[in-house]
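The values are calculated or read from the model by the stated rules, or taken from the named source; none is laboratory data. Computed from a predicted structure; not experimentally measured. Ideal geometry is used to build each Cβ from the backbone, glycine not excepted, and the neighbour counts take in all protein chains shown. These area figures cover heavy atoms from the full protein model, side chains too; ligands, DNA and RNA do not enter into them. Shrake-Rupley method; radii C 1.70, N 1.55, O 1.52, S 1.80 Å.
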Amino acid sequence: MRISLPKRLLVHAALVLVAVFTMLPAQAQNTMVRLHTTQGPIDLSLLDTEAPLTVANFLAYVRGGDYTNVFFHRSVHLPAPSLAPFVIQAGAYRWTEADFIESVTTRGNVRNEFSATRSNLRGTVAMAKVGGNPDSASSQWFVNMNNNSANLDNQNGGFTVFARVTTPGMTTADKIAALPVVNAGANFTELPVADWKSGTSYERSNVVRLTAVTEFPQNQTSADRVFNLLEATFTAYLGSVASSTGEASGFVYRHYNGIDSYLVSKDGRVWFFAPSLNSEFIDIGSVNDL
């Protein structure tokens, strides 16, 4: 389908969109949360039915704004000779805009909901807790960067998996896990840092922060879910937050300021276009396929 608009499109970007989205798996329609990190977005599909107490606990922190400015304070790798990423962990500390590090105030402990049907596999998100106390999870959580089932499923009552990271979100998680890790003392002996020079102090700009956390509405349309997935995958072209949304002439759209680009949906199909660059829509595919 072609719709004339007086401008040029970044054709290469559109072709990449088309090629990649034919390969992306469909996402489960659970509660979706986006972690806006300084390294990119991480979308979580929460396991509402399988771990209801843990999901409710996590969402209480999200809705209370407790995770804004939280940073990943641990990035752990397996011992030699593997040295593969093990987990990246957050939820304990905030680095505020006033340049002050503070602990997240916990909302009490949540009962352990570990199940062998929700194993600690790569891409799952689980609750951290105190050793020797299976029911001590509160605000801290971690992303499993490897198949950790042999370890984490079999100690301290098992670690409760309550979410899964989407495919594009794992790209960001891998980016965080690949950052250098430094010993910043006290509670930050395995701190991942970005753009830090040896011999200098650790600044707020060096840690991986959550700048915001978005809970997507439960009543999202299929087009909304596809838009969310596209945002998380192609942040460079779209950004992880739309500057505006709306509907015109039967088209549902989201606009992104970055390169003045749009995602548009109508009649079960999705298009990408950048009106400042080209006069044509690029047909990405059907909502159902995406």
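Name the single residue that is nearest to L53 (Cα to Cα) among those in region 147-161 being open to solvent by less than 60 Å² (accessible area, probe 1.4 Å) and part of a loop (DSSP other than H, G, I, E, B).
Looking at residues that are open to solvent by less than 60 Å² (accessible area, probe 1.4 Å) and part of a loop (DSSP other than H, G, I, E, B), I get T160.
Pick from E247, E203: which is under 24 Å from D66 (Cβ atoms), out of contact with any helix residue (DSSP H, G or I) (no Cβ under 6 Å at 6 or more places or on another chain) and charged (D, E, K, R)?
E203
Can you find even one residue in region 8-15 that is within 30 Å of N278 (Cα to Cα), in a loop (DSSP other than H, G, I, E, B), modelled with pLDDT under 95 and of a type in the set (V, I, T)? It would help to see each step written out before you state the result.
Looking only at region 8-15, we keep the residues that are within 30 Å of N278 (Cα to Cα), and these are 8-15.
The next check asks that each one be in a loop (DSSP other than H, G, I, E, B); those that pass are 9-10.
Still in the running and modelled with pLDDT under 95: 9-10.
If we keep only those that are of a type in the set (V, I, T) too, we end up with none.
Looking through region 8-15, none of the residues is within 30 Å of N278 (Cα to Cα), in a loop (DSSP other than H, G, I, E, B), modelled with pLDDT under 95 and of a type in the set (V, I, T).
Given region 162-266, what helices (runs of 4 or more DSSP H) lie entirely inside it while holding 3 or more residues that are modelled with pLDDT under 95, open to solvent by less than 20 Å² (accessible area, probe 1.4 Å) and over 30 Å from E113 (Cβ atoms)?
It comes to 222-233.
Quick test for you: out of A274, A242, A248, pick the one residue that is small (G, A, S) and under 22 Å from the mean Cα position of the chain (by Cα). Steps first, please.
Details: A274 fails: under 22 Å from the mean Cα position of the chain (by Cα); A248 fails: under 22 Å from the mean Cα position of the chain (by Cα).
Matching residue, one of A274, A242, A248: A242.
Give the residues of region 242-271 that are under 21 Å from F216 (Cα atoms) and among the aromatic types (F, W, Y), sorted by residue number.
F251, Y253, Y256, Y262
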